[in-house]
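The values are calculated or read from the model by the stated rules, or taken from the named source; none is laboratory data. All of these numbers come straight from a predicted model, not from anything done at the bench. Ideal geometry is used to build each Cβ from the backbone, glycine not excepted, and the neighbour counts take in all protein chains shown.
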Amino acid sequence: MGLTKFISAYRIVHRLPGRIRIHIPVLEKLPEDWWIFLRPSTELIRMRKGINTAGVQPITGSLLIDYDRKEIDEADILKWLETLVAAFLKLDIPSDPLNEANIGLRFALLRNRLSQEGVTHDLD
C-alpha cells in the first residue's frame, strides 16, 4: 500500500469547469525510457465515463484532464486515478523486461479487467 500512495501522490495545481491540471511528482522522476507508458496510461484514464481527454507532461509532472461535468466530477476523477494505480500494481504478471510488447500486454489486461467492471466506455 505504501507504493500506491507514493505513486498516487498528487496536487491539483489548476482547475476550470470541465478541466483539471494535476501535478504528480513521480512523473518528473520517470526515466525517459519509461515514457512509453504514457500513451497507454492516458488511454486507461480516458476509459472512465465522462473523461474526454488526458495528457501527461513528464518533464513538469503534469496531468491535464478535460471532462464532462454532467458525467463526472473532480472527486470521481481523483478516485479513478487511484483505482488505476492500485489495479496496475495488483496485476499478477511475472517480472519481464521493460519493452513495448510487455507494457502493451499489461495495459491490455488492465483495460479488459476495467471494462468487465463496467465503469469504462469504449474509446473511439
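Give the residue, chosen from 65, 59, that is modelled with pLDDT of 80 or more and surrounded by 15 or more Cβ atoms within 10 Å (Cβ to Cβ).
65
State which residue is farthest from the chain's Cα centre (by Cα) when the search covers only region 22-38 and only residues that are exposed (fewer than 13 other Cβ atoms within 10 Å of the Cβ) and within 19 Å of residue 12 (Cα to Cα).
Looking at residues that are exposed (fewer than 13 other Cβ atoms within 10 Å of the Cβ) and within 19 Å of residue 12 (Cα to Cα), I get 29.
Only one of these conditions is not met by residue 38: (1) modelled with pLDDT of 85 or more; (2) out of contact with any Lys or Arg (no Cβ under 9 Å at 6 or more places or on another chain); (3) outside any helix (DSSP H, G or I). Which number is it?
The one condition residue 38 does not meet is (3).
Please go through region 42-61 and give me each residue that is within 12 Å of the chain's Cα centre (by Cα) and either over 19 Å from residue 88 (Cα atoms) or in contact (Cβ under 8 Å) with a residue 24 or more places away in the chain (or both), ordered by number.
43, 44, 45, 46, 47, 48, 51, 53, 56
I'm checking my understanding of the structure. Among residues of region 46-95 that are touching a helix residue (DSSP H, G or I) at 6+ places or on another chain (Cβ under 8 Å), part of a loop (DSSP other than H, G, I, E, B) and not hydrophobic (A, V, I, L, M, F, W, C), which one is nearest to residue 17 (Cα to Cα)?
Within region 46-95, the match that is nearest to residue 17 (Cα to Cα) is 50.
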